[in-house]
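All of the numbers you see were taken from the coordinates with simple rules; none came from a lab. This structure is a prediction, so every number in the text was calculated from the model and none was measured. Note that each Cβ is placed from the backbone with ideal geometry, even for glycine, and that neighbours are counted across all protein chains shown.
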Amino acid sequence: MTNDKTVPTLFNARFVRNKAMAIKDYVVDNNIDILALTETWLPPGNCDDLEAGTLCPNGYRFLHVPRMHGRGGGVGLLCKETLRINSVLTDDFQSFEVMDIRLRSLKCITFLIIYQPPDSSYSSFFQDFSRLLEQVLADAISHTIISGDFNLHVEDSLIRSTIY
């Protein structure tokens, strides 16, 4: 049974290596078209074959943007190979990691997968996020879906005063 719409799903993995089989089973059992992942904790460089083979069900592929310095972080995308998806490079942002994915079908859809670490500066985040939105929204032919782990705790009065 296939979905009549491609709906992205988000999962904060907090290290995909120790959850690869559970992620793979979830994707297969629920016929997930697109799974966005935050906190992959994978190092820079290509993922080894064992890791990709363990994580990817048959007919899927895995794209990844690691944290370039330090440990943790990183965002990734597990998607069906039949989808016409391209990863687009964006500027490097200091306050968060981002993956810019373009799905080409009847319309162009942009998926942004974002991970902001909890110790990141809120003012830096809002400046970087505004710059990202300016870049992405300049593409007027695209629909945009933004997902991720922003670590914005709106119950915190400092956050509320920054947002509003």
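Things to note:
- The length gained on full extension between Arg104 and Asp25, counted as 0.36 nm times the residue separation minus their Cα-Cα distance, comes to 25.8 nm.
- Spacing of the two label points (7 Å from each Cα toward its C-beta) at Asp92 and Asn151, in nm: 1.9 nm
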